[in-house]
1. For LEU200, which of the numbered conditions (1) open to solvent by 50 Å² or more (accessible area, probe 1.4 Å); (2) closer than 30 Å to ASP10 by Cβ; (3) in a helix (DSSP H, G or I) fails to hold?
2. Of the residues that sit in region 88-117 and are open to solvent by less than 40 Å² (accessible area, probe 1.4 Å) and of a type in the set (Val, Ile, Thr), which one is nearest to TYR219 (Cα to Cα)?
3. What is the residue count in region 28-49 for residues that are within 22 Å of TYR199 (Cβ to Cβ), out of contact with any strand residue (DSSP E or B) (no Cβ under 7 Å at 6 or more places or on another chain) and buried (at least 18 other Cβ atoms within 10 Å of the Cβ)?
4. For the structure I just gave you, tell me whether ARG150 is open to solvent by 80 Å² or more (accessible area, probe 1.4 Å), within 30 Å of VAL7 (Cα to Cα), modelled with pLDDT of 85 or more and assigned to a loop (DSSP other than H, G, I, E, B).
5. So which residues in region 185-211 are among the acidic types (Asp, Glu) and modelled with pLDDT of 85 or more, if there are any at all?
6. Residues to consider are THR52, THR67; find the one that is surrounded by 10 or more Cβ atoms within 10 Å (Cβ to Cβ), among the β-branched types (Val, Ile, Thr), within 18 Å of GLY201 (Cα to Cα) and not assigned by the TED database to the domain that holds GLU141.
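The values are calculated or read from the model by the stated rules, or taken from the named source; none is laboratory data. Since we're looking at a predicted model, the values are computed, not measured. Here the Cβ is made from the backbone with ideal geometry for all residues, glycine too, and neighbour counts use every protein chain on show. Only protein heavy atoms, including side chains, enter the accessible area calculation; ligands, DNA and RNA are left aside. Shrake-Rupley method; radii C 1.70, N 1.55, O 1.52, S 1.80 Å.
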Amino acid sequence: MAEQEKVPIDQKLEVVVFGVSDVDRAKAFYENLGWRLDIDAVKDDFRVIQFTPHNSETSIIFGKGVTSASSGPAYNLVLVVDDLDTVRADLIARRIEVSEIFHYAGGPFNNTVENPRIDGRDPQGRSYSSFASFKDPDGNEWLLQEITERLPGREWTLTQAPAPDVPALADLLRETAEHHDHYEKTHGEHHWWDWYAPYLGARQTGSSPEVAATAADRYLEAILQVRSQ
């Protein structure tokens with residue numbers, strides 16, 4: 001087969017591993033973010049925890065015996081978001097210290113200039129160019145990068161989605177309605193779809209009904225707080 005005819009082999013970045021000094025404290029922090037807990041496994045003196053941000057194809061792993069004791073904090077771990085203002089409001093509602101929105105003086109991720117981060121959004125309002133940041137208790141830094149429009153060629157061609165399993169979807173909608181009924185009876189007026197969406201999303205990505213309900217509660221509380229401002 002000619003060089004140009006070779007079919008690329010799929011290679012997906014699915015996990016980022018970093019160190020923490022207090023595993024339970026780190027677990028509580030990422031649970032508070034509303035991320036899906038995939039694994040919390042213990043064997044003898046080893047413990048591994050995996051979380052996945054909502055709708056992300058990449059997960060994080062930390063724990064005891066996962067990284068060397070001398071490993072320092074990770075920097076510039078990037079979370080892509082559609083709307084920085086909404087995400088900042090959600091983090092603030094979860095009592096997470098998050099920076100003001102900023103842009104880079106020399107362009108995205110350019111730290112070669114003095115005082116590289118400039119307060120405020122990108123003056124030209126460009127996609128990829130406005131950021132905010134927050135850190136976990138161990139100083140691992142997350143950058144929120146706002147991408148509103150992708151550059152050409154930056155997305156893989158998607159294959160046709162499989163036909164939905166209608167009976168399974170109907171059953172999931174019934175379950176969602178039952179859990180929302182409890183929330184509706186104990187909380188104030190709200191749009192039901194703001195609760196349904198995060199619950200369905202969490203269940204479809206593997207969360208238990210209890211975890212999905214908690215995620216929906218938190219999401220709706222953040223939305224209502226933003227709308228009340």
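1. Failing condition for LEU200: (1).
2. ILE96
3. Summing the residues that are within 22 Å of TYR199 (Cβ to Cβ), out of contact with any strand residue (DSSP E or B) (no Cβ under 7 Å at 6 or more places or on another chain) and buried (at least 18 other Cβ atoms within 10 Å of the Cβ) in region 28-49 gives 2.
4. yes
5. Within region 185-211, ASP194, GLU210 qualify.
6. Checking each option against the conditions leaves just THR52.
Quick grid of which residues meet (1) farther than 21 Å from ALA215 by Cβ; (2) of a type outside the set (Asp, Glu):
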site: ASN76; (1), (2): yes, yes
site: ASP82; (1), (2): no, no
site: ILE92; (1), (2): no, yes
site: GLU97; (1), (2): yes, no
site: GLY120; (1), (2): yes, yes
site: SER133; (1), (2): yes, yes
site: GLY139; (1), (2): yes, yes
site: TRP142; (1), (2): no, yes
site: ARG154; (1), (2): yes, yes
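Condition check ((1) of a type outside the set (D, E, K, R); (2) assigned to a loop (DSSP other than H, G, I, E, B); (3) in contact with a Ser or Thr (Cβ under 9 Å, 6 or more places away or on another chain)) across all residues:
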{"site": "GLU57", "(1), (2), (3)": "no, yes, no"}
{"site": "PRO73", "(1), (2), (3)": "yes, yes, no"}
{"site": "ARG88", "(1), (2), (3)": "no, no, yes"}
{"site": "ILE96", "(1), (2), (3)": "yes, yes, no"}
